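These notes are about the structure you will find just below.
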Amino acid sequence: MNTGTVKVYDLGHARAGDKGNTSNISVTAYDDRAWKILCAQLTPKRVLKAFAGIAKGPVTRYELPKLKALNFVIENALGGGVTVSLAQDMHGKSLSFLMLDIELDG
Amino acid sequence: MAIHKSTIRVGTGAGFSDDRIEPAVDLAERGKLDYLVFECLAERTIARENLTRLKDPERGYTPYLVERFQAVLPACVKNGVRIVTNMGAANPLGAARAVRREAKALGIADLPVAVVTGDDVADIVRNNPQLPLMENGAPVESLLPRMASANVYLGADVIREGLATGAPVVMTGRVSDPSLFLGTMLHGLGWRYDDYAKLAVGTLAGHLMECAAQVTGGCFIDPGKKDCDDPVNIGFPYADVTADGSLTLGKLDDSGGRLDVMTCTEQILYEMHDPTSYITPDCILDITGVDFKQESKNRVIATGAKARPRTPTYKVVVGYHDGYIGEGEVGYAGPNALARAKLAEKIVRERLQKRGFTYPEIRVDYIGMSSLHGMGTGRTEPYEVRLRIAARSPDRKAALAVGFEVRTLHVNGPSGGGGGSNGIREVLAVKSILIPRHMVKTAVTVEGTL
């Protein structure tokens, strides 16, 4: 047993944006401790696993330490792109909460 | 000779074509603004408006143009607030004329409007079929027979040129969103178009403000976790920018929403990929050094933006016809709801197949369960499930059949299916190309008497 799990939801806040068939989702840590956990554990691999049913990837992670924010660029994630997608949420606005639902080690 | 100010205040009037009207009026009335910028063009809007213009040569501008100007013109004229907007869409000249008619109806006999043209490069694209698509490298040639529009994202220089005419309103088609804002600073603060330290500040300001309420509490609230004041009346942002390049974002004190380091941090990364290289027609912005500091309630200071010189090309969005999407929905609730929805799906699929229709892509959603984040694992069955089936086809008949077969479940389908709906829409897709700047010829003309 580890010390328990924590959701990204409890560590930071998120926003999703779209460009063509690519979704970008930022995760901003609430504090320094959360920032360390996110940097260590919220890897592109972990994110792609959570988005497996939705996105093909690849996933690129950019770090912005001054803002305590990670920016994930998730390619092939929006059903071909906003203008042609068959999805109701063609912009992928709701995907920020799929990111926040990811469980990490506390 | 132009007289430049040491500080200007620029407000956002709209963050998308269907945005609320009254926050702009509030800013125009009591915001002490110099400029009010309305960003109203999504990627495919111009393609759609080109189709409108084909039917009516007077139209082809953004649908809410008249309502917006009717609402804000009185306060803007009274307070000397100049308006910059891309509401011209596929017909900036037609938009300018519509604005002038509306002004006249409001008692402003001759409202000069500067019109920026040259973003429409459909002819240039037709004459250069070899240009490669950014998405897949294939030549643009294959899209030409289905092309509905081709427009470059112009930069802040054309906004400066429009403002330099002295007209109270600058009307454009496609201009990059941050450039609409940066242009007011080039003009109002006398910034040079090669002073990249300043272009960085103005581009950052534009990027933070272009989606209006998204930096002042919109797309932010999560009740009990991240709340804000008066979410019914969220105020739109303004920026105070000084000639030497300081930037403070604000919103009016008794407007709703919030403006703080959290809202700014979410918005700075919105639609951002590599944070060292946000490419606009004006510069390549690097936000990795940006810091936000709360100055007071509703005011945030942003520092640390950097920029590299602009690229030698303009980005072109090509809009083209890409077939149809047909869809249908029906809801089930109570015991065995999911199983009934799944049977309904099976029936529709088999009937479409039996009728000889095939589709390059069919999507099935169980709304309430899997429509937004997919089926996941271990998800419990909800009390209600709404089945949605959508499919694309180049053939209108095949697309129509999807909704038809969902509709016929009304009397032929599983038990207890209710609240059906169905429809079809024409798809206007977009792809991008880059073209050398020298190919693009812009012009600024003025409608009315200065």
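Could you list all residues from the range B:209-232 that are without any contact (Cβ under 8 Å) to a residue 24 or more places away in the chain and not small (Gly, Ala, Ser)?
Correct list: B:ILE221, B:ASP222, B:PRO223, B:LYS225, B:ASP227.
Going through (1) among the hydrophobic types (A, V, I, L, M, F, W, C); (2) under 30 Å from A:LYS49 (Cβ atoms); (3) in a strand (DSSP E or B) one by one, B:ILE424 falls short only on (2).
Here is the figure for the range B:427-450: residues that are of a type outside the set (D, E, K, R) and part of a strand (DSSP E or B) total 13. Scanning the range B:301-310 finds one or more residues that are more than 11 Å from chain A (Cβ to nearest Cβ), closer than 30 Å to B:ALA90 by Cβ and touching a residue at least 24 places away in the same chain (Cβ under 8 Å). Consider B:ALA47 carefully, then state whether it is within 21 Å of B:THR442 (Cα to Cα) and at pLDDT 95 or above. Answer is no for this residue. Which residue is farthest from the other protein chains (Cβ to nearest Cβ), if the candidates are limited to the range B:267-291 and must be crowded, with 20+ Cβ neighbours inside 10 Å and of a type in the set (A, V, I, L, M, F, W, C)? For the range B:267-291, the residue satisfying everything is B:CYS283.
Within the option set B:ARG53, B:ARG48, B:ARG82, being of a type in the set (D, E, K, R) and either free of Cβ contacts under 8 Å to residues at least 24 places away in the same chain or within 14 Å of another protein chain (Cβ to nearest Cβ) (or both) holds for one residue only, B:ARG48. Residues in the range B:74-95 that are assigned to a helix (DSSP H, G or I) and in contact with a Pro (Cβ under 9 Å, 6 or more places away or on another chain): B:CYS76, B:VAL77, B:GLY94. Of the candidates A:GLY53, A:GLY17, the single residue that is surrounded by fewer than 17 Cβ atoms within 10 Å (Cβ to Cβ), of a type in the set (Gly, Ala, Ser) and either assigned to a loop (DSSP other than H, G, I, E, B) or at the interface with chain B (Cβ under 7 Å from one of its Cβ atoms) (or both) is A:GLY53.
In the range B:131-146, the residues that are over 12 Å from B:LEU434 (Cβ atoms) reach residues that are among the hydrophobic types (A, V, I, L, M, F, W, C) with C-beta atoms within less than 7 angstrom, at least six apart or across chains, in these pairs: B:PRO139/B:LEU131; B:LEU143/B:VAL318.
Scanning the range B:253-266 for residues that are buried (at least 21 other Cβ atoms within 10 Å of the Cβ) and touching a Pro at 6+ places or on another chain (Cβ under 9 Å) gives B:SER255, B:GLY257, B:LEU259. Pairing residues of the range B:357-371 that are free of Cβ contacts under 8 Å to residues at least 24 places away in the same chain and farther than 12 Å from B:VAL402 by Cβ with residues that are part of a loop (DSSP other than H, G, I, E, B) and aromatic (Phe, Trp, Tyr), at Cβ distances under 9 Å and at least 6 apart in sequence or on separate chains, gives B:GLY368/B:TYR383. Just give me the residues in the range B:96-118 being assigned to a loop (DSSP other than H, G, I, E, B) and farther than 25 Å from B:SER149 by Cα, in sequence order. B:LEU106, B:GLY107, B:ILE108, B:ALA109, B:ASP110, B:LEU111, B:PRO112, listed by residue number. When A:VAL82, A:VAL8, A:VAL47 are checked against the criterion of being within 9 Å of another protein chain (Cβ to nearest Cβ) and aliphatic (A, V, I, L, M), A:VAL82 stands alone in meeting it. Can you tell me which residues in the range A:63-77 are touching a helix residue (DSSP H, G or I) at 6+ places or on another chain (Cβ under 9 Å) and either assigned to a loop (DSSP other than H, G, I, E, B) or more than 10 Å from chain B (Cβ to nearest Cβ) (or both)? Passing the criteria: A:PRO65, A:LEU67, A:LYS68, A:ILE74, A:ALA77. The residue that is nearest to the other protein chains (Cβ to nearest Cβ), among those in the range B:240-266 that are over 24 Å from the mean Cα position of the chain (by Cα), part of a loop (DSSP other than H, G, I, E, B) and not small (Gly, Ala, Ser), is B:ASP244.
The values are calculated or read from the model by the stated rules, or taken from the named source; none is laboratory data. As the structure is a computational prediction, the values presented were derived from the model and not from experiment. Glycine gets a Cβ as well: all are built from the backbone with ideal geometry, and neighbour counts include every protein chain shown.
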